[in-house]
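Have a look at the structure below before the remarks.
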Amino acid sequence: MSSNTERPIIILGAGIIGLTTAIRLLESSLYQDKNIPVHIIADHLPNDPLDPKYASTIAGAHHLSFADDDDERQRRWDKRTFQIMYKEWKDEGESTGLMVMKQTEMFVGHTKHLKIYEEHPDFKVINHTERPDNIDHSVSFTSLTITPITYLNRLLKRISELSGGKLIIHRYHLPSLTYLSHPSIQAMIGPHIPLAVIVCVGIGALNLGDVEDKNVFSTRGQVVKIKAPWIRSGYTRQIGTLDGGENGERTYIIPRSNGEIILGGTRELNDWFPYPRQSTIKDILKRTIEICPDLIPNHLIAPALSNPQDQLPLEDLNKTKIGHTGITKSISPESLEPLIIEHLVGFRPSRKIGTRLERGKDLILDQNDQNEKTIVIHNYGHGGAGWQSCWGTAEDAISLMNEAVVGRSYI
């Protein structure tokens with residue numbers, strides 16, 4: 001049997017789940033005391049061109065939990081992730097890609113909010129006299145948003161620093177877990193059978209051999225990215241109940257520290273269409289203007305008038321615009337078009353029975369040595385909750401791996 005200290009640990013996937021898991025592994029005593037080689041194998045990397053199957057760079061991304069009041073596991077993951085990200089922002093500011101802001105949640109058709117919101121700073125139930133007539137319930141609290149590419153690159157830098165540049169990220173499509181013993185893989189990670197593999201492949205778990213999780217499916221999300229640096233607060237309108245997940249119709253406005261705003265969104269089950277739909281674009285613009293007319297700057301609503309007496313009161317500019325004839329008209333979604341940067345489509349890695357975070361069946365990659373097994377840990381299927389639960393699930397995944405290593409006397 002090969003020396004345990006030579007057997008590498010493999011992380012599959014380099015999205016927000018894979019990278020946070022890698023960091024927690026590099027910070028663990030298992031890595032630091034035993035000097036175990038660590039490799040990441042991934043199809044897609046953070047700085048690659050956008051791909052709907054790599055949801056991490058297309059996500060909103062804001063910290064807004066969908067955890068049901070009775071879902072202690074999801075609530076714990078989400079709360080832990082918020083604590084970590086909030087401290088990162090507090091210590092290092094917006095250079096992290098994080099922006100702390102006031103979040104306003106508006107509900108139509110019901111008067112209940114998720115209890116986890118009450119654990120955020122500055123939580124407040126908004127009085128009915130302060131909310132729009134068509135909103136049945138509303139709360140506000142302090143939350144945060146993330147500029148994905150900034151944060152992901154920060155994680156890559158931390159990985160390099162923690163490993164002293166030794167952790168190698170390989171761009172490679174792995175067809176199956178058992179393929180880890182293939183000569184082409186051994187040429188990258190060395191000849192020794194992996195000590196463990198942590199599966200963080202998101203939607204790839206649907207087709208990855210030896211996993212092929214048929215509970216995994218795509219929830220298509222389409223959003224519009226605009227430039228509107230004057231918006232520094234987040235807004236969401238929920239029609240229908242969340243029911244412990246990202247259910248109902250959600251209209252959201254997610255500002256970022258770099259002045260970008262994500263407008264959304266959609267929730268289209270088992271929809272794999274990778275391009276923006278024009279009808280959806282118009283619908284998103286219409287819905288977001290309804291909940292935040294301040295998205296449109298005044299100079300795009302009404303041109304300057306030559307006669308000062310004809311000027312509209314400032315408060316009316318958020319409600320009206322002036323056509324070439326001088327006739328007052330309603331704001332239209334087209335008013336946002338000059339602000340549009342791009343349209344994005346991503347496939348949320350959803351799973352019918354929730355996130356899979358558990359130890360799987362050990363692999364036997366060396367048929368000549370049935371005792372040299374490879375530990376398998378699964379950490380995928382986060383759906384639309386990847387960014388808000390990533391650190392919590394990463395810590396649980398590494399805890400499971402440590403227990404497995406110690407329990408079976410692998411080290």
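The values are calculated or read from the model by the stated rules, or taken from the named source; none is laboratory data. The structure presented is a predicted model; accordingly, all values stated were derived computationally and were not measured. Positions of Cβ are backbone-derived with ideal geometry, glycine not excepted, and every protein chain shown enters the neighbour counts.
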- Message: Can you find a residue that is under 25 Å from Arg287 (Cβ atoms) and without any contact (Cβ under 8 Å) to a residue 40 or more places away in the chain anywhere in the stretch 100-115?
- Response: yes
- Query: Within the set of pairs 6+ apart or on separate chains, which have a first residue in the stretch 129-147 that is under 15 Å from Ile239 (Cβ atoms), a second that is crowded, with 19+ Cβ neighbours inside 10 Å and of a type in the set (Lys, Arg), and C-beta atoms under 9 Å apart?
  - Reply: Ile135/Arg237
- Identify, please: which residue in the stretch 48-92 is surrounded by 21 or more Cβ atoms within 10 Å (Cβ to Cβ) and of a type in the set (A, V, I, L, M) and is, among those, farthest from Gly383 (Cα to Cα)? Met85
- Query: Would it be correct to say that Val197 is outside any helix (DSSP H, G or I) and without any contact (Cβ under 8 Å) to a residue 60 or more places away in the chain?
  - Reply: no
- Could you please find all residues in the stretch 373-392 being under 18 Å from Gly204 (Cα atoms) and in a helix (DSSP H, G or I)? Gly383, Gly384, Ala385, Gly386, Trp387, Cys390
- Which one of these does Leu98 not meet: (1) surrounded by 20 or more Cβ atoms within 10 Å (Cβ to Cβ); (2) at pLDDT 95 or above; (3) aliphatic (A, V, I, L, M); (4) within 26 Å of Leu208 (Cα to Cα)? (4)
- In the stretch 171-184, anything in contact (Cβ under 8 Å) with a residue 40 or more places away in the chain, more than 20 Å from Met401 (Cβ to Cβ) and either assigned to a loop (DSSP other than H, G, I, E, B) or touching a helix residue (DSSP H, G or I) at 6+ places or on another chain (Cβ under 8 Å) (or both) is listed as Tyr172, His173
- Note on the structure: A careful count of residues in the stretch 345-367 that are part of a loop (DSSP other than H, G, I, E, B) and under 15 Å from the mean Cα position of the chain (by Cα) gives 1
- Message: Can you go through Ser306, Ser332, Ser409 and tell me which one is hydroxyl-bearing (Ser, Thr, Tyr), on the phi > 0 side of the Ramachandran plot and at pLDDT below 95?
- Response: Ser409
- Query: In the stretch 134-155, how many are in contact with a strand residue (DSSP E or B) (Cβ under 8 Å, 6 or more places away or on another chain) and assigned to a helix (DSSP H, G or I)?
  - Reply: 1
- Which number in (1) modelled with pLDDT of 85 or more; (2) surrounded by 13 or more Cβ atoms within 10 Å (Cβ to Cβ) marks the one condition that Ile353 misses? (2)
